[in-house]
Structure formats: structure tokens, C-alpha cells
Amino acid sequence: MLKNEADNFCMSWIKRSQKKGAIRRFATVLLPDHLLVQLKFELYMLFVRTRSRHTHLSYRGKHNLLLNIGAGDTGRDGWVNIDGLKVKGVNCNYDARKRLPFPDGSVKGIFTEHFLEHLDYTEEVPSFLAECYRVLKEGGIIRIIIPDAGKYIKAYVQDGWQEIAAVRQLRDDVRDPYFHYDYNTKMELINVIFRQEQEHKFAYDFETIELLLKRHGFNEVTKREFRQSANPELSIDSEGRAAESLYVEAKK
């Protein structure tokens, strides 16, 4: 019921504006389209936080949890699959940018794939990593997978499209397999990857993510490869993202 109310409250007026040119034109006089999209998302997440304010009660006394944060439709049986959007496989509909709903030291492993780059670097990333450290037990591992800015930049400075096309796995006509864009220049591709219509907030290389993890108490920060992990349970990487991804693990 609350989800319906949330959808109605923060989405329907934008949908109506898309159908009615006059309303849309009026709305964009006040706010540009890209800001309206962000506003819609944040209003929806506000309702998610309201609906999930008692979620922590479900995990009292729990131990040795496995978290898949930003799971989307890749939820796994036996895992706590967390996402702000309620899609198939998500069993914890929650805004993971805020405090995580798990007791201290109750988690043995955290897996998060192509999620961290969606967080604000100065405001949200520090609190998120601090929360991950808090909920992990001693010896627990966090596995972070993100777009590898280093790979893209190295490929960008090479002549031609061959190197950067391999990283992004572009089609022969330099068409993006995810967004179906036809790129005119390599810089267009770089901006799409590291802005993604304002969804991406920061670009990472290993040096930067290592710095952040150590700053928040983690040790033994290690660069890994696709489906290579100190904890085999965390080797659930998506094959389709392997070419462009940076794989990093850290132990509490």
C-alpha cells in the first residue's frame, strides 16, 4: 500500500507531464528535466526509507550474513539482497546509502557490484564504507566491483577505437551494448561511462579505492580478478561486466 502511495506521489505527476506538453513545459520552466529525474528518484527513496524504518528488527540476533548491496535483479538464494528498487530477487528493499540495518559484526561477507560509483564521493561514500566496516565481523571481507577508470583512460589515449571498444565491448559499429548509443568520439564514450545520465558520481582506480578503504579501517586491500576471491562465496561477479571492471577486496 505504501509503495503505491509512493509511486503515486513522486512519479505520477512526472508521468502526466510527459503526456501533457503544457504541464511538462511548465515543469521544465521551474526545473530542468535532469533535475526532475533526480527529484523523482529522491522522493521515491524517501518513501523507501519510511517504509523500511523497522527493517533492522528483522536482523536482530543474526550472524554470518552475506550481503549483496545494490543487487538489482541478481539476487541470490541465502543472501540478503539489498536494493532501493523492489525487483525480483530483492529481499531487503532499503536505501543502502544510509545506515545499514544489521547489528555490529553480524556479516561475514559483503558483495557490491557497480554500486559504489552511484554514491556521492564526499557525502555518501564515507558513511557507506564506515557502515560496511561496522557490520562486518573480524576477518570479514568486502568485495567491491566498479568501472575501472584506469582501464578507460589508458584505452582512451591509444590511437583508434580498438582498445576502448574492447573495454566497453562495443559492437563493430561502436554502438554501446548497454545504452544503445552510437558514439562519434571516444570522449563521448568516456562521459557516458563516468556520468551515466547523472547516475554515476565518481570514477575510481585502484589507488583511490585502496586509499578510501584503508582510511575507513580496512586492511589487506587487494586487487583481484574476475571471480577470484579470498572467500569463494563472494565470487558471484557478472560476466558481462568483466572487461570494464575493477575488482577489489578488503578484510576487516
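The values are calculated or read from the model by the stated rules, or taken from the named source; none is laboratory data. The model shown is predicted, which means the values in this text are computed figures rather than measured ones. Quick reminder, even Gly has a Cβ in these numbers, built from the backbone with ideal geometry, and neighbours come from all protein chains shown.
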If Arg171 passes every condition in (1) farther than 23 Å from Glu124 by Cβ; (2) in the same structural domain as Leu129 (by TED's automatic domain parsing) but one, which one does it miss?
-> (2)
Report whether or not Glu199 is at pLDDT 95 or above and acidic (Asp, Glu).
-> no
Within the set of pairs 6 or more residues apart or between chains, which connect a residue that is over 20 Å from Val80 (Cβ atoms) inside the stretch 118-139 to a residue that is basic (Lys, Arg) and part of a helix (DSSP H, G or I) with Cβ atoms less than 9 Å apart?
-> Pro126/Arg215
Can you pull out the residues in the stretch 91-145 that are more than 14 Å from the chain's Cα centre (by Cα), part of a loop (DSSP other than H, G, I, E, B) and either surrounded by 22 or more Cβ atoms within 10 Å (Cβ to Cβ) or not small (Gly, Ala, Ser) (or both)?
-> Asn91, Arg99, Leu100, Pro101, Phe102, Pro103, Asp104, Thr122, Glu123
Members of the stretch 211-222 that are surrounded by 14 or more Cβ atoms within 10 Å (Cβ to Cβ) and in a strand (DSSP E or B) | Val221, Thr222
Does Gly61 count as farther than 27 Å from Arg224 by Cα, out of contact with any strand residue (DSSP E or B) (no Cβ under 7 Å at 6 or more places or on another chain) and in contact (Cβ under 8 Å) with a residue 24 or more places away in the chain?
-> yes
Considering the stretch 66-90 alone, what residues qualify as being in a loop (DSSP other than H, G, I, E, B) and not small (Gly, Ala, Ser)?
-> Asp73, Thr74, Arg76, Asp77, Trp79, Leu85, Lys86, Val87, Lys88, Val90
All conditions in (1) over 28 Å from Trp79 (Cα atoms); (2) modelled with pLDDT under 95 are true of Ile153 except (2)
When restricted to Ile141, Ile146, Ile193, the only residue in contact with a Pro (Cβ under 7 Å, 6 or more places away or on another chain) and either assigned by TED's automatic domain parsing to the domain that holds Thr74 or within 26 Å of His34 (Cα to Cα) (or both) is Ile193
Which ones in the stretch 227-252 are surrounded by 15 or more Cβ atoms within 10 Å (Cβ to Cβ) and within 17 Å of Lys151 (Cα to Cα)?
-> Arg241, Glu244, Ser245, Leu246, Tyr247, Val248
Restricting the stretch 146-170 to residues that are of a type in the set (A, V, I, L, M, F, W, C) and more than 18 Å from Arg224 (Cα to Cα), the one surrounded by the most Cβ atoms within 10 Å (Cβ to Cβ) turns out to be Ile164
Of all residues in the stretch 60-77, which are farther than 23 Å from Glu117 by Cβ and out of contact with any Ser or Thr (no Cβ under 7 Å at 6 or more places or on another chain)?
-> Arg60, Gly61, Asn64, Asp77
Exactly one condition in (1) at pLDDT 95 or above; (2) surrounded by fewer than 20 Cβ atoms within 10 Å (Cβ to Cβ); (3) of a type outside the set (S, T, N, Q) is not met by Asp173; state its number.
-> (1)
For residues that are charged (D, E, K, R) and surrounded by 15 or more Cβ atoms within 10 Å (Cβ to Cβ), scanning just the stretch 50-83, find the one that is farthest from Ala96 (Cα to Cα).
-> Arg76
Look through the stretch 223-252, keep the residues that are in a strand (DSSP E or B) and of a type in the set (A, V, I, L, M, F, W, C), and return whichever of them is farthest from Leu65 (Cα to Cα).
-> Leu246
Hey, any hits in the stretch 50-61 for a residue that's hydrophobic (A, V, I, L, M, F, W, C) and at pLDDT 95 or above?
-> yes
